[in-house]
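Trainee: One structure coming up, written as structure tokens, with questions to follow.
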Amino acid sequence: MRSKAVPFDATSSAPRGAMPRAAYVHVPFCRRRCGYCAFTVLAAHDAWIPRYLAAVERELADLGAPREVDTLYFGGGTPSHLPRDAMRRLAEATTDRFPLAENGEWTVEANPADVTRDWCRTVRERGVTRISLGVQSFSPRKLRVLERDHDARRIDESLRLLFDAGLDVAIDLIFGVPGESVEEWDGDLRRAVAASPHHLSTYGLTFERGARFWGRRARGDITPESEDSEAELFERAIDVLTSAGFEHYEVSNFARPGHRCIHNETYWLGRSYHGVGPGAAAYVDGRRMMNHQGVLAYIRRVERGESPVVDWEMLDAESRARERLVFGLRRLEGVARGAFQTRTGHSIDDLAGSAVERFVSLGLLEDDGSIVRLTRRGLMVSDAMWPDLLRPEVAAPREPARSNRAENAP
Amino acid sequence: MPDFDCSRIRNFCIIAHIDHGKSTLADRLLELTGTVTRREMRDQLLDDMELERERGITIKARAVAMYYEHEGTRYELNLIDTPGHVDFQYEVSRSLLCCEGALLLVDAFQGVEAQTVANAYLAMEHELHIIPVINKIDLKHARIEEVLEEMHQSLGIDPDDVVKVSAKTGLGVPDLLRAVIDRVPSPKGDPTGPLQAMVFDSHYDDYRGAITYVRVMNGRIEPGQKIRFLKGGTNHEVLELGQFRPRPVRCDSLGTGEVGYLVCNIKSLDLVHIGDTVSTAHHPAQPLPGYRVPKRMVYCGLYPADGQDFDELREELTKLSINDPSFEFVPETSEALGFGFRCGFLGLLHMEIIQQRLEQEADLDLVQTAPNVTYEITTKNGEVLEIHRPQEVPDTGSIDEFRQPIVRVNIIVPTESIGPVMTLCQDRRGEPKGNEYLSPSRAMVTYELPLAEVIYDLHDKLKSITRGYGTMDYELIGYAPADLVRLDILVNGKRVDALSFICHRGDSDRRGRQVVKKLKSEIDRHMFEVAVQAAIGSRVIARETVPAMRKNVTAKCYGGDITRKRKLWAKQREGKKRMKSVGNVDIPQKAFLAVLDTGEKK
């Protein structure tokens, strides 16, 4: 759906009054674009930073009076790529509009190559509590294939600096890089566990339109790993990380007890959030919105006093409930029937009773009568289940009307 | 203006292989006789259906009357356009009956092709006077001498009789017109005898109903006359008579030897049978010989991809059959595909044409099953069954004899391909019927083959073996007993009726393996293992397994991903709806043609 203005829908049954307790800020700058990246990013365009900052400040100002939030998240791009002053200015503009509650969580994504003692001090001073470090791998070969600009030594060094600064540390790992063996992946997992971060996310390498890898794959220049070997690597990660004491709490996310990413849980639990910057998504008053993804287009819109929102949709109560069911099930603790009904006004059994039953019989879901959750096998193939949960159940095919029973040509 | 004295009438047709320039030559004749001015000339005037243009094939026969002054005498020249393809052989033969002469057109570069031979023989059988013509003599690569030799070798044509033209530039076309007047005999018939007119074509006009094309053999027709279709058994009043010049032009009568159209307020083409005889209602004459009910030789199932479109599909098929009574359809039900239609066609090309029309004229998403030929079965208790779909084959135990249609196939190939082509025909259970060298570089190979093999892959194979140079034509010669079996395909133990097919017992292992392998590649991994089996009766002869899905999970799902992913997943559900479910297995539409897969890369 597209619209110039965002109409106010007074008839909607969206949860009102509950103002978002989370805010996301998108920082679209990078030193260079990695081959697998299809995000909203400007590589080597630092000259745009001042106009970008001014635009974000204006977008924040247009959101109205300051309101406290529990979580802030600076994602990218590479937020750590911002020069020190720009980082300070962005942090200040954000907390002016969204003061962080006491004991709030404030995450900033960082590239190991950018992490210095000075940088740690800068973010710590502003109130940042948590760094999501784009490690991706410790293997020189994988880092080379992924076109990353750091090496394992730099990772160790940045981890030490972050720990020293008293920051919570989350790291990302990618598996399924072309040519990756179980041994190579085991090496990554071992070093990740040894580094002892508070949080770990792991993703299979994907090929997305807009990334250089997309074209290289189309040309046959790069070959994705098979479904079977990706499955093996993913299961390996789950086994190694859970036995090292991490809690596997969402499809791709693992945390030390008490260190889940509260901000991301906002998304998965269907709670509302603000989003600022190019390509940022927001969910306010039951309306899902998306800012223009083009950095320059975003800046121009804001400069002209227009809304940067280009896509938005208003979900009805049933769609909201279905969405909540799907994203809730992606959290491994599952969805509790009672809480779900209280929260959405719909019962799981009315929405998708027979699908749930079918998936239970296939061993993909577990259902103890009060909580529905993914099994290990269900987790592995969960995308194949969601279509059936997002749409009403299909009725049995109907015999076509046979009113005019002409058996043949006239 | 008509009726014309018989001695000044010439009725002729042009027979040629596709692309040898028939339509261009017709255009030149229309132009030269002043029937159409150059300004009015649209290229290839006779092929006025879009589809015909696209495929370069004339599907429906037409007739155009031309008037031409030659040495002080005015002549009526009726050019009867014939369909060039074997599927319409019966229609061709009816058209030929209306002519006394035929222009046999051969491309100066391509030379004699299979269709040239087939149609030339047909013309000779009808005792038409043949005027051989070499076209495209202006081509740089024209090989006139060799083509003359080929015509001599394959058809016994005297090189001195051949008229050389370029239909494109008009070179030699006046000589050809003179040859038509001098050499084509004038029609014989009794102008005062009882009316007998041959119906050789028809088409449907939304405002005037059926337009019937006739050639008057004896007697005459006038408006207001009460006529009778002798085979159809219906009586009508002639409302209008006329000729195509090339637009319809009314006339007061059609006399013996003349060709034209009648309009009788007939509401359905079903009542007009190609080959029927028109006579007077009060004192009907004897019917002309040779009438036949057209036999559908190829059948396939057509199903709406979305069950909701069933009624729309029926409407579209009805529309098509109004204009083409040789196409038939009846409702059928498949466990796998739901409600659809079994459709009968004269042949493979006819089937393709109907499918294309459906695609062009109707915005419908269709699932087609693999085509099959019409089989015959005599049961143990002496009953004879005509089998239009594999599901109708009874238990092996109750079959006394299983028969399949056999065709005689003429294949013209470059001499270096003779070996491989013979191997191909041998592999397809063909019986050699002759080899003939047409020239040092080309030869004609004749085989008798099961029609089922021809519709399976013979044409594609021939084209690939001969690098596109081979041409083939075939005619039905009858039915012969064969050791045939029905192969069933099971998906997770459930028989998929729409995938059953009939094949020779000796080929069943190979075909069964190919089909299950192809299906394995077409069926996506499911959340469980999917077994695909081929079986004869209860005996499984081939099996493949589609392993269960192992990993299908989106890793990143944060802010903006939520909407994107939800939409993507919801859309996948729509995509699944268009697949056909057997048990819990989703089978994509195109898998229903897997039976045709030969397991080899083309």
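Trainee: Could you tell me which of the pairs B:K380/B:K461; B:K267/B:K295; B:K520/B:K556; B:K518/B:K571 are separated by over 28 angstrom between their Cα atoms in the structure shown?
Mentor: Numbers: B:K380/B:K461 38 Å; B:K267/B:K295 23 Å; B:K520/B:K556 31 Å; B:K518/B:K571 26 Å.
Distance filter (> 28 Å) returns B:K380/B:K461; B:K520/B:K556.
Trainee: If you fit an axis through the alpha-carbon atoms of helix B:144-155 and take the longest principal axis of the Cα set of chain B, what angle between them do you get, 0 to 90°, nearest 10?
Mentor: Around 80 degrees separate the two axes.
Trainee: Enter the angle in degrees (range 0 to 90, nearest 10) between the Cα long axis of helix B:173-183 and the first principal axis of the Cα atoms of chain B, meaning the one along which they spread out most.
Mentor: 70
Trainee: Once phi is turned into ³J(HN,Hα) by the Karplus curve 6.51 cos²θ - 1.76 cosθ + 1.60 with θ = phi - 60°, what whole-Hz value does each residue of segment B:377-385 show in order, with x for glycine and proline?
Mentor: Coupling constants for segment B:377-385: 10, 9, 7, 4, 9, x, 6, 9, 10 Hz.
Trainee: For A:E247, which sequence-distant residues (separation of 5 or more, or a different chain) have an amide H within less than 5 Å of its own amide H, given hydrogens modelled in the peptide plane?
Mentor: For A:E247, whose amide H was placed from the backbone, the distant partners under 5 Å are A:A255, A:R256.
Trainee: In straight Cα distance, which lysines are under 23 Å from B:K164, not counting same-chain residues fewer than 8 positions off?
Mentor: B:K22, B:K136, B:K140
Trainee: What accessible area per residue, rounded to a whole number of Å², is obtained for segment B:196-280 using a probe radius of 1.4 Å?
Mentor: I get 35 Å² per residue for this part.
Trainee: First select every other residue whose beta carbon is under 14 angstrom from the beta carbon of A:R88; then total the charges, Lys and Arg +1, Asp and Glu -1.
Mentor: Local net charge: -1.
Trainee: At q = 0.15, 0.18 Å⁻¹, what log₁₀ I(q)/I(0) does segment B:376-481 have when each alpha carbon counts as one equal point scatterer in the Debye sum?
Mentor: Treating every Cα as an identical point scatterer, log10 I(q)/I(0) equals -0.66, -0.82.
Trainee: Could you report the buried accessible area between B and A, both sides summed, computed with a 1.4 Å probe and given in Å² to the nearest 100? Provide the component values of the computation, followed by the final result.
Mentor: Details: alone 26930 and 19730 Å², together 42090 Å².
Approximately 4600 Å², summed over both chains.
Trainee: What residues qualify as long-range amide H neighbours of B:E332, i.e. H under 5 Å apart, gap of 5 or more or another chain, H built at 1.01 Å from N?
Mentor: Amide H neighbours of B:E332: B:G340, B:F341, B:R342.
Trainee: Starting from the Cα gyration tensor of segment B:125-178, take the square roots of the eigenvalues, sort them a ≥ b ≥ c, and report rounded, prolate or oblate (rounded when a/c is under 1.5, otherwise prolate if a/b is larger than b/c, else oblate).
Mentor: Values: a/c = 2.50, a/b = 1.24, b/c = 2.02.
Taking the square roots of the gyration eigenvalues as a ≥ b ≥ c, segment B:125-178 is oblate.
Trainee: Another question, then. So for the pair B:K463, B:L364, with labels modelled 7 Å out along Cα→Cβ, what separation do we get in nm?
Mentor: 2.6
Trainee: Which value, in Å², gives the accessible area per residue of segment B:399-531 when a 1.4 Å probe is used on the protein heavy atoms?
Mentor: 40
Trainee: Related question: In degrees, nearest 10, range 0 to 90: what is the angle between the Cα axis of helix B:348-361 and the longest Cα principal axis of chain B?
Mentor: That works out to roughly 80 degrees.
Trainee: Next up: Name the residues of segment A:295-340 whose accessible area falls by at least 40 Å² when all protein chains are present instead of the chain alone, probe 1.4 Å?
Mentor: Buried by the other chains: A:E313, A:F327, A:R330.
Trainee: To the nearest 0.05, how large is the calculated FRET efficiency for B:R247 and A:T206 if R₀ is 51 Å and r is the Cβ-Cβ distance?
Mentor: Between B:R247 and A:T206 the formula returns 0.20.
Trainee: Another question about this same structure. Put a dot 7 Å past each Cα toward the Cβ at B:D158 and A:A194; how far apart are the dots in nm?
Mentor: 10.1
Trainee: Compare the peptides B:474-481, A:345-352 by average per-residue count of other Cβ atoms within 10 angstrom and give them in order, highest first.
Mentor: A:345-352, B:474-481
Trainee: Another one. What shape does segment A:46-111 have by the C-alpha gyration tensor, where a ≥ b ≥ c are the square roots of the eigenvalues, rounded means a/c under 1.5, and otherwise prolate means a/b greater than b/c and oblate the rest?
Mentor: Since a/c reaches 1.5 but b/c is at least a/b, the shape of segment A:46-111 is classed as oblate.
Trainee: Classify segment B:445-506 as rounded, prolate or oblate, taking a ≥ b ≥ c as the square roots of the eigenvalues of its Cα gyration tensor: rounded when a/c is under 1.5, otherwise prolate if a/b is larger than b/c and oblate if not.
Mentor: oblate
Trainee: Return the distance in nm (one decimal) between the two label points of a simple spin-label model at A:E303 and B:D306, each offset 7 Å from Cα along Cα→Cβ.
Mentor: Taking the simple label geometry, A:E303 and B:D306 are separated by 4.6 nm.
Trainee: Considering only protein heavy atoms and a probe of 1.4 Å, how much of the accessible area of chain A is carbon and sulfur, as a whole percent?
Mentor: Roughly 50 percent, rounded to a whole number.
Trainee: Based on alpha-carbon centroids, what's the gap between segment B:117-182 and segment B:315-381 in Å, whole number please?
Mentor: 39
Trainee: In peptide B:334-343, what is the residue-averaged number of other protein chain Cβ atoms found within 10 Å of each Cβ?
Mentor: Details: counts 0, 0, 0, 0, 4, 5, 1, 1, 0, 0.
For peptide B:334-343, the averaged partner shielding equals 1.
Trainee: Just to check I understand the Karplus step: with θ = phi - 60° and J = 6.51 cos²θ - 1.76 cosθ + 1.60, what whole-Hz values come out for segment B:9-22, glycine and proline as x?
Mentor: 10, 10, 10, 8, 10, 10, 10, 6, 6, 3, 6, 8, x, 4
Trainee: Average partner chain C-beta neighbours within 10 Å, per residue of A:373-385?
Mentor: Whole-number average of other-chain Cβ neighbours for A:373-385 is 4.
Trainee: Follow-up question, since we're still on this one. B:K168's amide H: which non-local residues (gap 5+, or another chain) put their own amide H closer than 5 Å, with H modeled 1.01 Å from N in plane and none for Pro or chain starts?
Mentor: B:K136
Trainee: So, one more: In segment B:394-492, what percent of the accessible surface is made up of carbon and sulfur (1.4 Å probe, ligands and nucleic acids excluded)?
Mentor: Carbon and sulfur: 49 percent of the exposed surface of segment B:394-492.
Trainee: Given a 1.4 angstrom probe, what's the average accessible area per residue across segment A:2-268, in square angstrom?
Mentor: 43
Trainee: Would you mind telling me the antiparallel percentage of the DSSP bridges in chain A, rounded to 5? Let's see the in-between values first.
Mentor: On the way: 23 of 54 bridges.
Percentage antiparallel, nearest 5: 45.
Trainee: Could you please state, rounded to a whole Å, how far the C-alpha centre of segment B:410-446 is from the C-alpha centre of segment A:306-334?
Mentor: Taking the Cα centre of segment A:306-334 as reference, the centre of segment B:410-446 is 67 Å away.
The values are calculated or read from the model by the stated rules, or taken from the named source; none is laboratory data. The shown structure was predicted, so the numbers you read here are calculated from the model rather than taken from an experiment. Here the Cβ is made from the backbone with ideal geometry for all residues, glycine too, and neighbour counts use every protein chain on show. Note: accessible area is taken over every heavy atom of the protein model, side chains too, but ligands, DNA and RNA are not part of it. Shrake-Rupley method; radii C 1.70, N 1.55, O 1.52, S 1.80 Å.
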